[in-house]
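Bear in mind that the values in this text are calculations on the coordinates, not laboratory data. Note that the coordinates shown come from a computational prediction; the quantities given were computed from them, not determined experimentally. Every residue, glycine among them, receives a Cβ derived from its backbone with ideal geometry; neighbour counts consider all protein chains shown.
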Amino acid sequence: MRERRDEVNRAILLEEEEKARIQKEMSSLTDRLSKLNESLARKTRAREEYDRTITESEQAYMKILESSQTLLQVLKKERDTLGKKRVTHTG
């Protein structure tokens, strides 16, 4: 009877050691998971900020492009008008 008890006791001790090891691993993994989540949150915010900046830059570029095209059209009209005035004055 004593022998069976000692055998069960050794099994209990081994399982308690394994349980402690697993709990330590779980704690370590939980810490790693927490740090990864924090890092992902920071990087996601940074990416969103980059996306906003890119979108704003593209919109500003399009406005500049539209303005330059409008200015070019105005300059061409002015050139044509001045050319007609010269023809009228010299003719």
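Under 26 Å between C-alpha atoms is the cut-off here; go through the chain and count lysine pairs that meet it, provided they're at least eight residues apart or on different chains. If you can, show how the numbers build up before the last one.
Values: 19/35; 24/35; 35/43; 63/76; 63/77; 76/84; 76/85; 77/85.
For the chain, the number of qualifying lysine pairs is 8.
Think of the chain as a dipole: +1 on every Lys or Arg Cβ, -1 on every Asp or Glu Cβ, centred on the Cα centre; then among 26, 73, 57, 73 lies furthest on the positive end. Here are some values of Rg and Dmax of the Cα atoms in Å: (i) 38.7, 132; (ii) 23.9, 85; (iii) 23.5, 63. Which one was computed from this structure? The calculated read-out lines up with (i).
In segment 1-31, whose amide N lies under 17 Å from the spot 7 Å out along Cα-to-Cβ of residue 39? List them in ranges. In segment 1-31, the label zone of residue 39 (backbone N under 17 Å from the point 7 Å along Cα→Cβ) covers 28-31. You can think of it this way: the chain between residue 26 and residue 58 has 6.9 nm of extra reach, that is 0.36 nm per residue less the Cα-Cα gap.
For segment 13-91, a crude dipole built from +1 on the beta carbon of Lys and Arg and -1 on the beta carbon of Asp and Glu, taken about the Cα centre, is about 1120 debye to the nearest 20.
Restricting the trypsin sites (Lys or Arg not before Pro) of segment 1-55 to loop positions (DSSP other than H, G, I, E, B) with no more than 15 neighbouring Cβ atoms within 10 Å leaves nothing. If the segment from residue 19 to residue 47 were pulled out straight at 0.36 nm per residue, it would be longer than the present Cα-Cα gap by 6.0 nm.
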